[in-house]
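> After the structure tokens below, expect a handful of questions from me.
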Amino acid sequence: MTCTNSACPFHDLEAVVGAHNGADLACRVTDSVKQIRYDAGNVLFAQGEPSTSLYSLTRGIVKITCHTPGGREQIVGIANPGNLLLGLQSLETDHYQYTAVAETDVVACKIRHRGLLKEAEEDSDIALRLLKALNAQLAQSRELMRVMGHKCAAAKIASFISLLIPEAERARQHFTLPFSRAEIASLLGLSEETVCRQMAKMKRNGILYSPRGRIEILDWDRLQAVAEEACIESA
């Protein structure tokens, strides 16, 4: 199978210098993978379901949630192309530990656990790529923890927006903002009122413009400056 997902750890880009720029890439786990599409709102997999596959995103954004003992849904992360392999935490467990929902239309490679692990046992290169994917997962988790840690509200929101939009796409100004203010608040541990107030402030300062469902980044440098601010503010 070939694809154009150069962000996937199992493509053959490393062996073909200059293979990017939209070229088809050979897949190293062809017998274990198929390409699949999801409409916005579709569930890729649900917490508690039998764990059979993981997913590498080619296009779109996925919301990662879990349910508390009281039954409340809690947003615990996001995934976009090049960010992480969805379902990786459940690679050697019987059931998925969280739910993955397509926030936008999504294109992904669905990779079977059993087939991938069998190929990793037989091919050290695939095993190494899987290890790199695990490291990328840890790095993404650490960055999200940093965003949710000791930063003030404005810095949390600016950092979240930076995480949401892949660096490779930042030459554009206009993006879909698939998360509502309430969902952003839930993920960052803020109130919805705080999110609205801080985004309105960034709009007044000429950093971004965010009508419903869309976001326009007017000044990436100033957005990054806000993301790195060291301040104390009540949420």
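> Which numbered condition trips up residue 73, out of (1) surrounded by fewer than 20 Cβ atoms within 10 Å (Cβ to Cβ); (2) touching a Ser or Thr at 6+ places or on another chain (Cβ under 8 Å); (3) modelled with pLDDT of 85 or more?
Unmet condition: (3).
> What's the number of the only condition in (1) closer than 21 Å to residue 34 by Cα; (2) over 12 Å from the mean Cα position of the chain (by Cα); (3) not polar (S, T, N, Q) that residue 106 fails to meet?
(2)
> In the set 26, 46, which member is modelled with pLDDT of 70 or more and among the small types (Gly, Ala, Ser)?
The unique qualifying residue is 46.
> Pull up the range 190-217, narrow it to residues that are more than 23 Å from residue 41 (Cα to Cα) and assigned to a loop (DSSP other than H, G, I, E, B), then point me to the one that is most open to solvent (accessible area, probe 1.4 Å).
Looking at the filtered set, the residue picked out is 205.
> Would you point out the residue of the range 54-64, among those that are over 16 Å from residue 88 (Cβ atoms) and assigned to a strand (DSSP E or B), that is least open to solvent (accessible area, probe 1.4 Å)?
Only one residue tops the list, namely 63.
> I'd like the full set of residues that are in contact with a Gly (Cβ under 6 Å, 6 or more places away or on another chain), surrounded by fewer than 18 Cβ atoms within 10 Å (Cβ to Cβ) and either assigned to a helix (DSSP H, G or I) or not polar (S, T, N, Q) (or both), limited to the range 104-143.
105
The values are calculated or read from the model by the stated rules, or taken from the named source; none is laboratory data. Just so we're clear, the structure is a prediction, and the values are computed from it rather than from any experiment. We place every Cβ from the backbone using ideal geometry, glycine too, and count neighbours over all the protein chains shown. To get the accessible areas, we keep the full protein, side chains included, count just its heavy atoms, and leave off ligands, DNA and RNA. Shrake-Rupley method; radii C 1.70, N 1.55, O 1.52, S 1.80 Å.
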